[in-house]
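A.B. asks: Here it is, the structure in full.
The values are calculated or read from the model by the stated rules, or taken from the named source; none is laboratory data. Since the model is a prediction, treat every value here as computed from it, not as a measurement. Backbone-built Cβ (ideal geometry, glycine too); neighbour counts: all protein chains shown. For accessibility, only protein heavy atoms count, side chains too; no ligands or nucleic acids. Shrake-Rupley method; radii C 1.70, N 1.55, O 1.52, S 1.80 Å.
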Amino acid sequence: MLIAIEGIDGSGKTTLANSLEKELNNRGISALSTHEPFTKEITEMIRIQGWKDPVVLTLLFAADRAIHLSWISTRNEKIIILDRYIYSTIAYQSTMGLDDKWIISVNEKFPKPQLTILLDLPEEIALKRIKKNDSFNFSEKINLLGKIRKKYIELSNDGKTIILDATETAETLTKKATDAVLDLFS
Ligand SMILES: Nc1ncnc2c1ncn2[C@@H]1O[C@H](COP(=O)(O)OP(=O)(O)O)[C@@H](O)[C@H]1O
Ligand SMILES: Cc1cn([C@H]2C[C@H](O)[C@@H](COP(=O)(O)OP(=O)(O)O)O2)c(=O)[nH]c1=O
């Protein structure tokens, strides 16, 4: 089962992915959290390319995702928690001027998550949380966070996404996310 956690930089995805993994394992449900970009090599290529060409970024993130998914296919956990997935590519690269439809077509061979958890956060709060040494902290990207946030909310109307208020405490978010996952099993 794939569960994707999405949101702008600093929205608390990695924190929630780790706490949700721990909570599920404590309840006897084997879970593993993993992050995109996944491969060191493609992460490095993205860093070298910079935040300029959305076609290059879309294809690099898709290639990284294909490798990530083949690695996931070797795992035995019941639940894989994806810290970023396809909606990251649509939200980030469409706000760089690319057509959603093309980005969706590039990713169409990849499995859809059974649940997406969107951590919604005002960009002004995200900017305070983002660590200065964050990877890919390109100014071109930081200026887009407000548009990216709006795009994520648009994408969430898919019947399989829950939006959580990312200004709530990490404990509250973990509880809400855990409840949503357990609902999938009931
Ligand atoms: N619910 C929360 N409330 C306040 N701060 C948070 C919360 N979740 C995470 N943080 C803090 O915000 C920063 C970004 O968290 P992180 O999980 O790395 O976000 P992301 O993976 O979305 O970039 C970190 O300093 C983290 O400690
Ligand atoms: C997976 C993915 C990430 N990104 C962006 C989002 C982040 O700004 C950056 C990933 O760097 P990272 O440091 O992992 O950011 P975060 O901690 O917020 O996940 O790459 C895309 O633009 N497209 C994608 O498909």
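A.B. asks: Might you check whether a residue that is farther than 29 Å from residue 112 by Cβ, part of a loop (DSSP other than H, G, I, E, B), at pLDDT 85 or above and away from ligand 2 (no atom under 11 Å from the Cβ) occurs anywhere in segment 148-170? Talk me through it step by step, then tell me what you get.
C.D. replies: Applying the first criterion (farther than 29 Å from residue 112 by Cβ) to segment 148-170 yields 169.
Now narrow it down to the ones that are part of a loop (DSSP other than H, G, I, E, B): 169.
Filter once more, so that each one left must be at pLDDT 85 or above: 169.
Those still in the list that are away from ligand 2 (no atom under 11 Å from the Cβ) too: 169.
Yes, segment 148-170 contains at least one residue that is farther than 29 Å from residue 112 by Cβ, part of a loop (DSSP other than H, G, I, E, B), at pLDDT 85 or above and away from ligand 2 (no atom under 11 Å from the Cβ).
A.B. asks: Can you work out which of the residues in segment 7-32 that are away from ligand 1 (no atom under 11 Å from the Cβ) and among the small types (Gly, Ala, Ser) is surrounded by the fewest Cβ atoms within 10 Å (Cβ to Cβ)?
C.D. replies: Per the criteria, the residue is 28.
A.B. asks: Continuing with this model, one more query. Restricting the search to segment 70-93, which residues are more than 16 Å from ligand 1 (Cβ to nearest atom) and under 8 Å from the mean Cα position of the chain (by Cα)?
C.D. replies: Within segment 70-93, just 86 meets the criteria.
Here is a yes/no grid of residues against (1) under 30 Å from residue 174 (Cβ atoms); (2) not small (Gly, Ala, Ser):
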residue: 7; (1), (2): yes, no
residue: 23; (1), (2): yes, yes
residue: 54; (1), (2): no, yes
residue: 78; (1), (2): yes, yes
residue: 81; (1), (2): yes, yes
residue: 87; (1), (2): yes, yes
residue: 96; (1), (2): no, yes
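A.B. asks: Being open to solvent by less than 60 Å² (accessible area, probe 1.4 Å), over 17 Å from residue 9 (Cβ atoms) and touching a helix residue (DSSP H, G or I) at 6+ places or on another chain (Cβ under 8 Å) is the filter here, so list the residues in segment 130-167 that pass it.
C.D. replies: Scanning segment 130-167 gives 161, 162.
A.B. asks: Listed residues 118, 69; which is under 30 Å from residue 24 (Cα atoms), touching a residue at least 12 places away in the same chain (Cβ under 8 Å) and crowded, with 19+ Cβ neighbours inside 10 Å?
C.D. replies: Of the residues listed, the single one that is under 30 Å from residue 24 (Cα atoms), touching a residue at least 12 places away in the same chain (Cβ under 8 Å) and crowded, with 19+ Cβ neighbours inside 10 Å is 118.
A.B. asks: Looking at 60, 127, which is the one that is aliphatic (A, V, I, L, M) and open to solvent by 50 Å² or more (accessible area, probe 1.4 Å)?
C.D. replies: Numbers: 60 fails: open to solvent by 50 Å² or more (accessible area, probe 1.4 Å).
Matching residue, one of 60, 127: 127.
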